[in-house]
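Encoded as structure tokens, the structure appears first; notes follow it.
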Amino acid sequence: IASIDLTRDTSGMLSSMSPYVKVSFGGETYETDTKFEQGKQVEFDHKIELGDGTGDGVVNIEVYSKGTFSDDLIGTCRICVDQLKVGDGVKDSFVLLHETESAGMIMVESVYTKPELPEEAPKEEAPSEVMQEPMAQQPG
């Protein structure tokens, strides 16, 4: 998670938002540190290891603002994991939605290493079948 640039503000008049990001993939949930009183434009530079990227195929991202009594959902997005496995990885922005309205953008940077394919064992050449002609019967 590189950064967020939010348009939706859940803070009160006298404070700034304290955002953090939750990422769910393959049955695991990861969370960034909270950036206390950082507002709507925040750098995270938080690395999350998603394994070999073969989970359920969708990375779910939720951005929250830490509150005194409860945390406020700012926005969410769903990213197909294949979008993060292009070349050696990507750096791209994705729209965060709150219900049906844009809540801002999240910049995601991925690093992708293609899995090594197992080496194929050398194929043994099958012995060629030699067709033998029937032996001529000798008169006897």
Amide N of segment 55-79 lying under 18 Å from the label point, which is placed 7 angstrom from the Cα of M107 along Cα→Cβ | 63
Would you please give the residues with an amide H less than 5 Å from that of M105, counting only those at least 5 places away or on a separate chain, with H modeled from the backbone geometry?
-> D5, L6, T7, L96
Would you work out what percent of the accessible area of segment 1-60, with all protein chains in place, is carbon or sulfur (probe 1.4 Å)?
-> 44
So what are the ³J(HN,Hα) numbers for segment 112-117, from phi and the Karplus equation (6.51, -1.76, 1.60; θ = phi - 60°), rounded to whole Hz, Gly and Pro as x?
-> 10, 10, 5, x, 6, 7
If Lys and Arg each add +1 and Asp and Glu each add -1, what is the summed charge of the other residues whose beta carbon sits under 12 Å from the beta carbon of A103?
-> -4
Please give the direction-averaged projected area of the C-alpha convex hull for segment 1-60, in square nanometres with one decimal.
-> 4.6
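The values are calculated or read from the model by the stated rules, or taken from the named source; none is laboratory data. In this text the structure is predicted, and so the values were computed from the model without any measurement. Don't worry about glycine lacking a Cβ; one is built from the backbone with ideal geometry, like all the others, and counts go over all protein chains shown. When the accessible area is computed, the model is the full protein with side chains, heavy atoms only, and any ligands, DNA or RNA have been set aside. Shrake-Rupley method; radii C 1.70, N 1.55, O 1.52, S 1.80 Å.
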